[in-house]
Structure formats: C-alpha cells, structure tokens
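Asker: Below is one structure. I have some questions about it.
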Amino acid sequence: MNLRDLQYLVALAEHKHFGRAAEASFVSQPTLSTQIKKLEDELGVALVERTPRKVLLTETGREIAQRARQVLNEIEQIRSIARRTADPESGSVRLGIFPTLGPYLLPHVIPAIRARFPRLELLLTEEKTEVVLRQLREGKLDAGILALPIHDEQLHQEFLFEEDFVLAVPEGHRLATHETLRLGDLAEQNLLLLEEGHCLRDQALEVCHLAGAGERSGFRATSLETLRQMVAAGAGITLLPALAVRPPVAPSADIRLVEFRGRAPHRRIAMVWRRSSAIARLLQQLAEVIKTLPRDLLVAHEATHPTRKPRSRARA
C-alpha cells in the first residue's frame, strides 16, 4: 500500500466514476483501475462495487476512504510544517467563505492581507457553509470565514466582527418613509429570502421570528443580488448585510435602506480552522489582519447615512 493508491481511492470515492477520478488524479483510467484492484487484493476486501453507470464504494470501501482522507491530510500537514520552517509566511492558504459575505468582505480585506503577507498565496473557495465545513474537516481547506454559531469541537473559532442588517424596501413602500424602524414594525410583513442552504436565510428567519414577520411565499432567491433586484423591482422587502450595501457595491435609486432603532439585528462572523492545523499560528495572524476592518463598514447607521457623522457613543 502506498499514498498514491490512497489518493486514487479517495478520488474514486469523490467522483464515483473511474474516468473522472483518473482525470482528477492525472493518470489514465486503466492505471487507476489497476491500482484500485491491487489495493483490494492487498487488503483482501472488495472496496468498489462496479455498476454499468457509476461506481459505488462498498461499506468497507467508504470507511477506508474516510481513513485515507485523514492520512492524506496528515501528510499535507507534515509538508506544511516543513515549508513553514523555511519561510513561515510563504506558501498558500486555502480559505473558504460563504457567498453572501465573500464578494462584499474581500475587497476590503485583501489589500491589507497582501500588504502584511506579500509572499502568501491566498486560494479562495466560495461555497455554502455546509460545504466549507465539510471541506475543512476533510483537509481540502485550511480555514473558513463563516457565521456563528458553529457546533464543532474540532474547529477553533476566532471571532472577527459583528455585521448589522438593514431593511431594503422599494421606493413607495410604506416603510420607506421611516427614518428608523423598531423590530416590531416588521410584524405581519413577508420578506423575500434566499433558498435553503444559505446561512443568511437562517439569520433572516430568526429576525422574522423575533419581529413576528414571515416569508414571502412562492419565491426563494439563489443569491443576494437576486434579492436586491427583486426589491428594486418592487416585488417585496428584505434584509441586507451592511457590507452588501457599502462601496464598491453601487447604490440603487429604487431601493430605500432603513436602519433599525437601537441594537440592530446582526450576524457574528468568525474565522475557523482545525485545532490540529500545522499553520494555526499563521491563521491566527491572518485573522488579526481581518479584525482591523473599519467599524464604519459594518454598522447599519453608516450604511443608510454614509455622509452623516457617526453618532457619539453613550458614556458608561
């Protein structure tokens, strides 16, 4: 048994097709098939159930493939340790981020990251939270920027910031005349929301529950930009994160942004990585750079009234 055979098995488990697994492994299909058969002979068990249309792993094959992922991840950790010893701030970091944050956060933090880590290659993956968490556990990502809470004791969670929500309403909507809103003003309103799987949907539903509001039936958007366009077209109202309405995002003349009075609904963002990560120290330093994001980008008041001076903080 060698590491290459384990890589072939993991590729087969992921692609469930000899041809695609071989392509992903940069070998011919006969080579991959032969090595899988040799691995089965060596272990004395069937790992693969071959069907006319696709490949299925046996129960034993799935368990061994899962163990193989862990072994390959540990090997990569060893290589990372060696690379970091020579130059702690070089190499690459594979970072996952969810779609309703990535396009709006990254323009503000990437320049600071490049300035602090000029030799670091940042490889970005934009996926829903569930996918980012799975790829973290499998070792395909080094870290993720996600919304809290996250229930996984194997992951370190480094809090980054809180981001306020604002209410986006069409011009002409009765709530558009409000300077500010109480949460109770949303009672009996039906909001446009994202489809299942987006953490922003869950956050918006929590706000709806607190406010006595509901979800607009018959519509679920696939992206934040779809929500924005639907509001601009007068189809309904929705909640938008503060970063998603700040430059470089262009404002819409057809949308009125209304902030909440007092403590605005918000989401808490953290950077997470495996507690066993060989580059935990570097990831901590990366998180510290992201924490320097200016506060005025994250508060509802600055999103709805960007030209006004910030309100003074009440003294304790």
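The values are calculated or read from the model by the stated rules, or taken from the named source; none is laboratory data. Keep in mind that what you see is a predicted model, and the values were worked out from it rather than measured. Cβ placement follows ideal geometry from the backbone for every residue including glycine, while neighbour counts extend to all protein chains displayed. Just so you know, the surface numbers come from the protein's heavy atoms only, side chains and all, with ligands and any DNA or RNA stripped out. Shrake-Rupley method; radii C 1.70, N 1.55, O 1.52, S 1.80 Å.
Asker: Which is farther than 19 Å from Leu148 by Cα, out of contact with any Cys (no Cβ under 8 Å at 6 or more places or on another chain) and of a type in the set (Gly, Ala, Ser), of Ala211, Ala204?
Answerer: Ala211
Asker: Turning to a different aspect of this structure: Taking the condition more than 28 Å from Gly197 (Cβ to Cβ) and either touching a Cys at 6+ places or on another chain (Cβ under 6 Å) or buried (at least 18 other Cβ atoms within 10 Å of the Cβ) (or both), does Ser90 pass?
Answerer: When the stated conditions are applied, Ser90 does not pass them.
Asker: Do you know which residues across segment 177-207 are farther than 30 Å from Glu126 by Cβ, aliphatic (A, V, I, L, M) and open to solvent by 10 Å² or more (accessible area, probe 1.4 Å)?
Answerer: Answer for segment 177-207, where residues must be farther than 30 Å from Glu126 by Cβ, aliphatic (A, V, I, L, M) and open to solvent by 10 Å² or more (accessible area, probe 1.4 Å): Leu183, Ala187.
Asker: While we're here: Would it be correct to say that Glu162 is within 13 Å of the chain's Cα centre (by Cα), open to solvent by 10 Å² or more (accessible area, probe 1.4 Å) and modelled with pLDDT of 90 or more?
Answerer: No.
Asker: Quick one: which residue in Ala11, Ala112, Ala24, Ala68 is surrounded by fewer than 16 Cβ atoms within 10 Å (Cβ to Cβ), part of a helix (DSSP H, G or I) and small (Gly, Ala, Ser)?
Answerer: Ala112
Asker: Any idea which of (1) in contact with a Leu (Cβ under 6 Å, 6 or more places away or on another chain); (2) loosely packed, with under 13 Cβ neighbours inside 10 Å is the one Leu124 doesn't satisfy?
Answerer: So Leu124 meets the others, but not (2).
Asker: Identify, by number, the condition in (1) under 23 Å from Glu138 (Cα atoms); (2) under 28 Å from the mean Cα position of the chain (by Cα); (3) not basic (Lys, Arg) that Ile110 doesn't meet.
Answerer: Status for Ile110: all satisfied but (1).
Asker: Tell me, yes or no, whether segment 29-41 has at least one residue that is touching a Pro at 6+ places or on another chain (Cβ under 9 Å) and assigned to a helix (DSSP H, G or I).
Answerer: no
Asker: Residue under question is Gln154, and the condition is that it be closer than 25 Å to Leu105 by Cβ, at pLDDT 85 or above, within 14 Å of the chain's Cα centre (by Cα) and open to solvent by 30 Å² or more (accessible area, probe 1.4 Å); does it hold?
Answerer: On the way: closer than 25 Å to Leu105 by Cβ: yes; at pLDDT 85 or above: yes; within 14 Å of the chain's Cα centre (by Cα): no; open to solvent by 30 Å² or more (accessible area, probe 1.4 Å): yes.
No.
Asker: Just the residues that are in contact with a Lys or Arg (Cβ under 8 Å, 6 or more places away or on another chain) and surrounded by 13 or more Cβ atoms within 10 Å (Cβ to Cβ), please, taken from segment 29-55.
Answerer: Gln35, Val55
Asker: Something else about it: Exactly one of (1) at pLDDT 90 or above; (2) in a helix (DSSP H, G or I); (3) surrounded by fewer than 20 Cβ atoms within 10 Å (Cβ to Cβ) is unmet by Leu243. Its number?
Answerer: In the conditions (1) at pLDDT 90 or above; (2) in a helix (DSSP H, G or I); (3) surrounded by fewer than 20 Cβ atoms within 10 Å (Cβ to Cβ), Leu243 misses (3) alone.
Asker: Tell me which residues, restricted to segment 154-186, are part of a loop (DSSP other than H, G, I, E, B) and polar (S, T, N, Q).
Answerer: Listed by number, the list holds a single entry, Gln154.
Asker: A further question on this structure: Can you tell me which of Gly61, Gly139, Gly144 is open to solvent by less than 60 Å² (accessible area, probe 1.4 Å) and assigned to a helix (DSSP H, G or I)?
Answerer: Answer to the check: Gly61.
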